[in-house]
Amino acid sequence: MRSIWNGAISFGLVSIPIKVMNATESHAISFRQIHLDDGGRIRYRKVCELEDSEVSTAEIGKAYEDVDGTLIPITDEDLASLPIPTTRTIEIVAFVPADRIDPLQMDTAYYLAANGVPAAKPYILLREALKRSQKVAVAKFALRGRERLGMLRVVDDVIAMHGLLWPDEIRATDEVAPDTAITVRDKELDLADALMDTLGEVDLEDLHDDYREAVEELVTAKAEGHEAPAAPSGEESGGKVLDLMAALEKSVRAAKESRGDESEKAAGTGEDAEVTQLPSGKTRAGGSARTVPKEVGGKKSTSTAKKTAAKKTTPRKSTTKSTAGKKSTTGNRTTGNRTTEGRTTKAKSAAGTAAKQSADTAAAASSSRTAAKKTAAKKTPAKKSTPRKRASA
């Protein structure tokens with residue numbers, strides 16, 4: 001690192017000789033200006049207006065322009081002889097908790113190094129005092145032609161200094177805050193909290209500059225004569241938020257999926273599972289329904305329902321068939337002395353279904369044809385049902 005300023009830290013009556021070095025560096029890719037017609041480089045030349053000739057850096061000084069346009073020359077010696085204590089000194093004025101410093105005030109960061117062996121002992125003394133107190137030092141210093149405010153804190157085993165803006169250099173927020181009265185519901189806050197918890201923390205060392213890498217790939221491709229990388233396809237991020245709740249819920253699901261939480265991912269799909277009603281009164285949720293022998297009579301087609309009803313009511317078929325043949329086609333069931341007195345609950349339900357289907361069929365055809373069809377449809381399955389009922393019993 002190269003020193004950009006030499007001076008001392010004034011710590012009460014203690015003076016610590018130090019060297020100031022930039023703590024940060026820019027990795028941004030810089031571009032040159034060119035002439036589009038021929039690709040020639042565009043350069044800025046420093047020209048004297050009076051002589052209309054280019055001058056070198058060594059011939060250039062500084063001056064203050066008065067209100068009437070008069071230029072008043074100011075030399076480096078003039079600035080160095082200013083009657084202020086911070087010309088070559090970082091003067092500590094107070095020690096305060098770190099949270100007293102508004103991050104908006106923070107500017108350029110510097111490392112302060114002990115300048116020489118005699119400076120090591122007071123340097124370490126100040127460093128350890130800052131560590132133990134868990135405070136930061138507020139200081140004033142002059143750098144690059146103006147007095148500035150600074151904050152000293154410990155980074156690893158080094159004292160770092162952040163340049164601070166003066167309080168009057170921070171703009172007010174009155175014109176920035178939303179001026180519309182908006183109420184945020186508790187449910188929205190809960191979703192926002194859930195999103196924050198799901199995203200969790202991040203190691204800043206894992207973050208990198210994607211834009212710089214993309215520019216480097218673009219430059220490499222053009223230099224080798226290849227086609228420039230295409231932009232990724234897909235929906236653009238950002239845009240108008242039409243439904244805040246939907247956006248929050250979608251963000252929570254996406255964050256959970258990115259964390260690899262498969263259980264939460266399944267629960268957050270937002271789709272209702274299919275529920276299949278089983279004849280025994282139990283329900284089964286999930287994918288395709290399994291075939292249940294003998295007890296899915298209500299879910300089959302008309303012809304299948306007739307066959308199933310016949311299987312379950314084999315001992316009582318003659319009564320049902322004769323009733324359907326003698327009565328009118330109004331769809332009412334016979335309730336005489338021949339109705340089911342000793343049937344079980346399952347037989348009654350099957351007989352009622354068969355009687356209703358018989359009435360629907362009788363409305364479209366004559367009673368005798370209906371009875372004949374029903375007799376033919378019921379006799380055949382009745383013979384097959386006997387072994388199945390014995391097996392299940």
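Per-residue packing, averaged as other Cβ atoms within 10 Å, sorts the ranges 128-138, 170-180, 216-226, 68-78 into the order 128-138, 216-226, 68-78, 170-180, beginning with the highest. Between Ala230 and Met196, the modelled label-to-label distance comes to 4.1 nm, taking each label 7 Å out from Cα in the direction of the beta carbon. Here Ile74 and Ala129 are evaluated by their C-beta separation; at R0 = 41 Å the FRET efficiency comes out at 0.60.
Determine, from the Cβ-Cβ distance of His208 and Ile182 and an R0 of 35 Å, the FRET efficiency 1/(1 + (r/R0)^6), rounded to the nearest 0.05. E(calc), rounded to 0.05, equals 0.45. The heavy atoms of Trp166 offer some 70 square angstrom of accessible surface to a 1.4 angstrom probe. Between Asn6 and Val117, the simple label model (points 7 Å from Cα in the Cβ direction) yields a spacing of 1.8 nm. The modelled label-to-label distance for the pair Leu13/Ser26, using points 7 Å beyond Cα in the direction of Cβ, is 4.6 nm.
The values are calculated or read from the model by the stated rules, or taken from the named source; none is laboratory data. Please read all numbers here as calculations on a predicted model, not as lab measurements. Note: ideal-geometry Cβ built from the backbone for every residue, glycine included; neighbour counts use all protein chains shown. Quick note on the areas: whole protein, heavy atoms, side chains included, nothing else; ligands and nucleic acids left out. Shrake-Rupley method; radii C 1.70, N 1.55, O 1.52, S 1.80 Å.
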